[in-house]
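**Student:** Once you've had a glance at the structure underneath, I'll fire off some questions.
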Amino acid sequence: MSTGVRVMVVDDHPMWREGVARDLTEAGHLVVATSGEGRQAVRVAAAARPDVVVLDLQLPDVSGVEVIRGLRAVLPEVRVLMLSASGEPQSVLDAVKAGATGYLVKSAAPAEFLDAVRRTAAGEPVFTPGLAGLVLGEYRRLAAAPAIAHDEAPRLTDRETEVLRLVAKGLSYKQIAGRLGLSHRTVQNHVQNTLGKLQLHNRVELTRYAIEQGLD
């Protein structure tokens, strides 16, 4: 790996926290900070400016969901990868709705975790097998509910619409790039532009929008 990801690890178990930080460092990433408490994590993140925060759901002072909201407030561009012992559906949905990019259970293999960090940094939603379908199913349910009509829908270019349609089908950025003959960076730029136009925060919200518009 030529360029490591700036990562912050937040977990209240010192041995686990140190082990994760060590694995990240050995893989070529830069661990810019660690923390065992939620409120401290938000303060430290504002100064450390990580690209990705690896966050436990259960913390001694505040919930992981509250930490996600705090992180997004001080660092809107930060990606959050939940790493939790719990794979409960409601925990997953609460984290994603708060702004988490991905959700991995702690039983994941080290290689799976390191791949998840890399993909999270690229803005790709990463979930423990079985959880991706849960999240998509919830957004399909919400999309089927009556929605407030917008006076004027944001205007997307044909290419942005094309990329959005493939995002809704669950393709990775690499797969979209290959299918459309674009670079990975160009696909990322289209997604970021679309997020900005639609005033959305992450790829999961983008998928929900696409489903609402019948683009899936």
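The values are calculated or read from the model by the stated rules, or taken from the named source; none is laboratory data. Owing to the predicted nature of the structure, the values given are computational and were not obtained by experimental measurement. Please note: Cβ atoms are built from the backbone with ideal geometry, for glycine as well, and neighbour counts cover all protein chains shown. Note: accessible area is taken over every heavy atom of the protein model, side chains too, but ligands, DNA and RNA are not part of it. Shrake-Rupley method; radii C 1.70, N 1.55, O 1.52, S 1.80 Å.
**Student:** Select from region 190-216 the residues that are over 21 Å from Arg72 (Cβ atoms) and not hydrophobic (A, V, I, L, M, F, W, C) and write down the one among them that is least open to solvent (accessible area, probe 1.4 Å).
**Tutor:** Pass one, region 190-216, residues over 21 Å from Arg72 (Cβ atoms): 190, 210-216.
Then keep just the ones that are not hydrophobic (A, V, I, L, M, F, W, C); that gives 190, 212-214, 216.
Numbers: His190: 36, Glu212: 74, Gln213: 100, Gly214: 54, Asp216: 67 Å².
Per the stated criteria, the residue is His190.
**Student:** Considering only residues that are touching a residue at least 12 places away in the same chain (Cβ under 8 Å) and of a type in the set (Ser, Thr, Tyr), which ones fall in region 3-47?
**Tutor:** Passing the criteria: Thr34, Ser35.
**Student:** Scan region 178-212 for residues that are in a loop (DSSP other than H, G, I, E, B) and touching a helix residue (DSSP H, G or I) at 6+ places or on another chain (Cβ under 9 Å) and jot them down. Spell out how you get there, then give the answer.
**Tutor:** The first filter runs over region 178-212 and keeps only residues in a loop (DSSP other than H, G, I, E, B), leaving 181-183, 199-202.
Leu182, Ser183, Leu200, His201, Asn202, listed by residue number.
**Student:** Can you tell me which residues in region 165-189 are surrounded by 15 or more Cβ atoms within 10 Å (Cβ to Cβ), in contact (Cβ under 8 Å) with a residue 24 or more places away in the chain and under 17 Å from the mean Cα position of the chain (by Cα)?
**Tutor:** Val167, Ala168, Ser172, Tyr173, Val187, Gln188
**Student:** I'd like the full set of residues that are open to solvent by 50 Å² or more (accessible area, probe 1.4 Å) and either basic (Lys, Arg) or under 26 Å from Pro129 (Cβ atoms) (or both), limited to region 48-62.
**Tutor:** Arg49, Asp51, Gln58
**Student:** I need the full set of residues from region 108-145 which are polar (S, T, N, Q) and modelled with pLDDT of 85 or more, in order please. Let's see the steps before the verdict.
**Tutor:** Narrowing region 108-145 to residues polar (S, T, N, Q): 120, 128.
If the condition is that a residue be polar (S, T, N, Q) and modelled with pLDDT of 85 or more, then Thr120 is the only one that fits.
**Student:** Looking only at strands (runs of 3 or more DSSP E) that fall completely inside region 48-109, which ones have 1 or more residues that are touching a residue at least 60 places away in the same chain (Cβ under 8 Å) and within 18 Å of Leu24 (Cβ to Cβ)?
**Tutor:** 52-55, 79-84
**Student:** Follow-up question, since we're still on this one. Which of the residues belonging to region 25-47 are open to solvent by less than 60 Å² (accessible area, probe 1.4 Å), outside any strand (DSSP E or B), more than 14 Å from Arg79 (Cβ to Cβ) and in contact with a strand residue (DSSP E or B) (Cβ under 8 Å, 6 or more places away or on another chain)? Lay out the reasoning, then the answer.
**Tutor:** Here is the first cut: in region 25-47, the residues open to solvent by less than 60 Å² (accessible area, probe 1.4 Å) are 27-29, 31-33, 35-36, 38, 41-42, 44-46.
With outside any strand (DSSP E or B) added as a condition, the list becomes 27-29, 36, 38, 41-42, 44-46.
Filter once more, so that each one left must be more than 14 Å from Arg79 (Cβ to Cβ): 27-28, 36, 38, 41-42, 44, 46.
Hits for region 25-47 are Gly36, Gly38, Ala41, Val44.
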